[in-house]
Amino acid sequence: MTVSVDLTPLTPVLEKYHGRSREALLPLLHKAQSIYGWLPREVQEAIGRSLHVPLADIHGVIEFYTMFYNQPTARRVIRVCEGVACHLSGSAGVMEAMETKLGLRHGETSAYGAITYEHVPCLGMCEHGPNALDGAKTAGRLTPDTVDDFLAGSYPEPRAKVYGKPLLTLKRIGEVNPLSLTDYEAHGGYQGLRKALTMTPEAIIEANKSGEILGRGGAMFPLGLKAEFVRAAPGSTSEKHVAVNADESEPGTFKDRTIMEEDPFSLIEAATLMAYAVGAENGWILVRGEYPRSYRRLRKAIKKARAAGYLGRNILGREGFHFDIEMRLGAGAYICGEETALFEAIEGKRGFPRIKPPYPPSSGLFNQPTSVNNVETLVMALTAFTMGLDEWRQLGTEKSPGTKLFCLSGHIARPGTYELPFGVTIRELIEMAGGVPDGKALQAVLVGGAAGVFIGPDKLDMPLTYEDARANNVALGSGALMVFDETADLRQALANLGHFFAHESCGKCFPCQLGTQRQMEILDRIANGRAKLTDKQTLLDVGFTMTETSLCGLGQTAATAVMSAIELWPELVSRVP
Amino acid sequence: MTKPITLTIDGQKVTVPAGTTIYDAAKAAGIEIPVICYHPHLSANGLCRLCSVDVGGRVQAAACVTAAAEGVAVKTQSDDVRRGRRTILEMLASTVNLVEAPEILAYMEEYGADTSRFDGGEKRTASVYDDNPFYLRDYNQCINCWRCVQVCAEDAQYAFALSFDGRGFHTQIGTFMGDGMTDTTCVFCGQCVGVCPTGALKPKRQAMLEQGVSPDEIFQQTRRKRKKKRG
């Protein structure tokens, strides 16, 4: 069958990007897909000619990102989350109802091409589970009975769930119109940047170092040190970058989404402050493809900030201080939260992580010095700097000063984003969140997301600090805490994690590409009650090999949760007699 | 000139120029570290991780892409190192057809890999592409070492005919929308066939000989028609 594609609607888009090179590939593919619903061959060829990208490479990019389609796909895609937290809150029933109603199964498109239906490993709205996306429209707390309303478009979008004491970083959420710059300014916005401009960049970096703010993305690298490296790297301000890692995709983690949706100006100010400190003119924010609302709001906020002189040339009248932000929307790849894979995605390539060294501060985006930080890290640093580092250090513990955002999901009465000083215990946090519902007992907590570790009830009194986590062999990671009550099937949860990593492995290095697949197969077998006598040892060998020899953090942590579960509950992976 | 680097590899003191990889440093000392994806004339990407060694760090390091560092004590054959290699080889054996990859099969022997350990696991299966007069592509034998993609691109030919289908375990070498090689930018330089370590890419004449086709018949099928010079 020959399908002729009318390229007329694409022409103005190509003109808009005329003269750009490969780094415009992801935005151009998104634009083209919004016109055609998918990316037909002729469209890819036109984009290739325009950006001077080899067709094979365009094909490779489309094949890599799950939200790009090179086969006929509907403009309207329904995506239902199959993540662990959603599973705990009943996503299986919702999916069944959805499939019956639509007459479609995962990956199928309806007869006249009106609707495509998909299951997605995690949509990052775990506090609203079971959740789903209808195009760019979000929905949470779905039940089989509300599926009709959801499909009819009459189901309300969920609101932010933010708790904590003291609310510092999250203080504006719910108090302001997220897209009002006036509101933002009236609630303390841009005080930090104004304060920064009275200081030298070096003094700001020193202050950040003394505040001991560690990266909140999982690796816990000191923020001030990173900034210092970028500032010291050779190159002019036009050759340096501030990249914001907003590819928050760790299952159980939704704090960055909360900030971007409810207080987008704070991220813009925080990135601008970082740009001033490190001396960089180019800002980039890559938001994961599953966060359409975050992307939309940030884009609007950036336009407003630019119009008000908070972005652009000579910011706030400071001669020579130029900084602007370009947005990128991801397209379904957890790996792009790995900092070098994030660079590859921005550069318009498959999200393969790079070999390190070189590290981003010396050679990052476009092989130029780059400060790359997670959303929470930047916004926390802004909070600390604005309030004053002395006051900041009064909070938390000596080694983990300040507050931290925690994401509670699963079997918990009040799931949501919690801002609390470091040092709160897991038990206190869970009690604050209303405890395990329906009077059930707690079985386990998964700390740090899919790449985190399981703990049992005996570890609940562990204070949530970097030092206690380290002493207990737990990584706080993204600050996600997923609660499992006594009825939860942990074998099923492990199989779910196995599927997640197999789906998200980029396929670059052998141990992760092969190991995530084999781990998933074994965990599936165990969850279905067909464990083999040798499975435990095989899982340990695969886990060891992925952890020790994988190229990047994804592979190195793809077995962490599984191995922690085996250590705590070896009977989980033993053959059921 | 930066100062030379001195390190120990399996207890042996080795001095090499700064910037030398652990793989090359070991080689200079007569210690062979196993590699699959690595090729001395191509960019090293650290894909197969078979060359992972113990450098006393948080995790092991891939010797082909890790620079030798002053004073580091490298272990190339510790129990942990061998455990990783054995597992990678076992997983590979369960995934692709390695019948024409004698080097990898020899590693299986050397590291005591149980090639049936993951029996029942999904195999990476593909069709055999016979779409041009020069070479066959049998991705059932492909291990994703990327050598063909690299020589087709910046490592040699700048033809950019090859990229990838899929992701993760289901990654496979592919062309634009699955087009046959004659419809791509392939210039049939043959370098991809030359660097393929597993027989996934094979000259068509060799394949036909192996199938018992007579040389005359092969010549009939694969010879290039002589072009007349433009007058």
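The values are calculated or read from the model by the stated rules, or taken from the named source; none is laboratory data. No experiment lies behind these values; they were computed from the predicted model shown. Using ideal geometry, Cβ is built from the backbone for each residue, glycine included, and neighbour counts are taken over all protein chains shown. These area figures cover heavy atoms from the full protein model, side chains too; ligands, DNA and RNA do not enter into them. Shrake-Rupley method; radii C 1.70, N 1.55, O 1.52, S 1.80 Å.
Structure data summary
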read-out	value
Criterion: within 13 Å of chain A (Cβ to nearest Cβ), under 25 Å from B:G174 (Cβ atoms) and not in a helix (DSSP H, G or I) - qualifying residue of B:E100, B:E122	B:E122
Qualifying positions in region B:131-159 - farther than 22 Å from B:L50 by Cβ, of a type outside the set (G, A, S) and either away from every other protein chain (no Cβ under 14 Å) or within 18 Å of the chain's Cα centre (by Cα) (or both)	B:D131, B:N132, B:P133, B:F134, B:Y135, B:L136, B:R137, B:D138, B:C152, B:E154, B:Q157
Residues being within 14 Å of another protein chain (Cβ to nearest Cβ) and either within 15 Å of A:G553 (Cβ to Cβ) or part of a strand (DSSP E or B) (or both) - total across region A:318-337	4
Among (1) of a type outside the set (D, E, K, R); (2) in contact with a Phe, Trp or Tyr (Cβ under 7 Å, 6 or more places away or on another chain); (3) open to solvent by 40 Å² or more (accessible area, probe 1.4 Å), the one test that B:S43 misses	(2)
Search result, residues across region A:514-533 that are more than 21 Å from A:M67 (Cβ to Cβ), assigned to a helix (DSSP H, G or I) and either basic (K, R) or within 12 Å of another protein chain (Cβ to nearest Cβ) (or both)	A:L514, A:G515, A:Q517, A:R518, A:Q519, A:M520, A:E521, A:I522, A:D524, A:R525
Test: A:F501 is at negative phi, open to solvent by less than 10 Å² (accessible area, probe 1.4 Å), assigned to a helix (DSSP H, G or I) and within 14 Å of chain B (Cβ to nearest Cβ)	yes
A:G90 surrounded by fewer than 21 Cβ atoms within 10 Å (Cβ to Cβ) and either in contact with a Cys (Cβ under 7 Å, 6 or more places away or on another chain) or on the phi > 0 side of the Ramachandran plot (or both)	yes
Residues satisfying the stated conditions in region B:100-119, i.e. exposed (fewer than 15 other Cβ atoms within 10 Å of the Cβ) and farther than 16 Å from A:V542 by Cα	B:P102, B:E103, B:A106, B:E109, B:E110
Every residue from region B:74-86 that is at the interface with chain A (Cβ under 7 Å from one of its Cβ atoms) and free of Cβ contacts under 8 Å to residues at least 12 places away in the same chain	B:R83
Flag if A:E63 is open to solvent by 50 Å² or more (accessible area, probe 1.4 Å), closer than 19 Å to B:I173 by Cα and part of a helix (DSSP H, G or I)	yes
Residues being assigned to a loop (DSSP other than H, G, I, E, B), within 14 Å of chain B (Cβ to nearest Cβ) and either touching a residue at least 40 places away in the same chain (Cβ under 8 Å) or in contact with a Phe, Trp or Tyr (Cβ under 9 Å, 6 or more places away or on another chain) (or both) - total across region A:1-55	5
Among (1) surrounded by fewer than 24 Cβ atoms within 10 Å (Cβ to Cβ); (2) away from chain B (no Cβ under 11 Å); (3) modelled with pLDDT of 95 or more; (4) under 25 Å from the mean Cα position of the chain (by Cα) - the single one A:T487 does not satisfy	(4)
Any pair with Cβ under 6 angstrom, 6 or more apart, that starts in region A:378-404 at a residue that is among the charged types (D, E, K, R) and ends at one that is open to solvent by 40 Å² or more (accessible area, probe 1.4 Å)	A:K399/A:E467
Residue that is within 14 Å of chain B (Cβ to nearest Cβ), buried (at least 24 other Cβ atoms within 10 Å of the Cβ), of a type outside the set (S, T, Y) and out of contact with any Pro (no Cβ under 7 Å at 6 or more places or on another chain), where the choices are A:G364, A:G351	A:G351
